[in-house]
Amino acid sequence: LNGEPGKIEWQSEGRYFNSPAIDDKRVYTADGQGIMAHDRKNGKKQWCIENDETWTPPICVGETLLVDGGGTALRAIDSGTGDELWQVNENSFYGNAVGYGGIYSLIDSPEGPVLHSYSDAASGSRQE
């Protein structure tokens, strides 16, 4: 919201089931059918990844967008282009968090839940 209090600046029609992620340039949504990036100021669609099974809210980390790959992968997307940077496949991802210089993912393994830490969103390098 800008300008006149309560005035809608722009809107986008779609199936939205979770919270958007926002950076200084774009608003990102995922709805189980695709991932979309809209210009933050005017709402114009910047890019879209169709037929994507991401249901959880995306997470912005610098110029990288982290998304759930249908519950079985953690994927990093270039936030400017929508191109995939890297992907980690696991049995099942329970959730992701970002903070204090790392990405933290709780995954399922045959031995039970395991917490993974990645030090770099752009490359996917794992902290030891």
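Close amide-amide hydrogen proximity is noted between Thr72 and Phe93, each under 5 Å apart and 5 or more residues distant or on a separate chain (H modeled in the peptide plane; Pro and chain starts excluded).
Summed over the residues of the chain and divided among them, the accessible surface reaches 58 Å² per residue at a probe radius of 1.4 Å.
Contact order, relative form, for the chain: 13 percent (alpha carbon pairs under 8 Å, 6 or more residues apart, mean separation divided by residue count). Magnitude of the charge dipole for the chain, about its Cα centre and with charges confined to Cβ atoms of Lys, Arg (+1) and Asp, Glu (-1), is about 440 debye.
Segment Ser19..Asn51, full-extension length gain: 9.6 nm, with 0.36 nm per residue of separation and the alpha-carbon distance subtracted.
Shown for the chain: the carbon plus sulfur share of the solvent-accessible area, taken with all protein chains present and a 1.4 angstrom probe, equals 48%. Protection proxy ranking for 112-125, 32-45, using the average of other Cβ atoms within 10 Å per residue and placing the highest first: 32-45, 112-125.
The values are calculated or read from the model by the stated rules, or taken from the named source; none is laboratory data. Predicted, not measured: the structure shown is a model, and the values here were computed from it. Neighbour counts are summed over all protein chains in view; Cβ atoms, including those assigned to glycine, are modelled from backbone coordinates with ideal geometry. Only protein heavy atoms, including side chains, enter the accessible area calculation; ligands, DNA and RNA are left aside. Shrake-Rupley method; radii C 1.70, N 1.55, O 1.52, S 1.80 Å.
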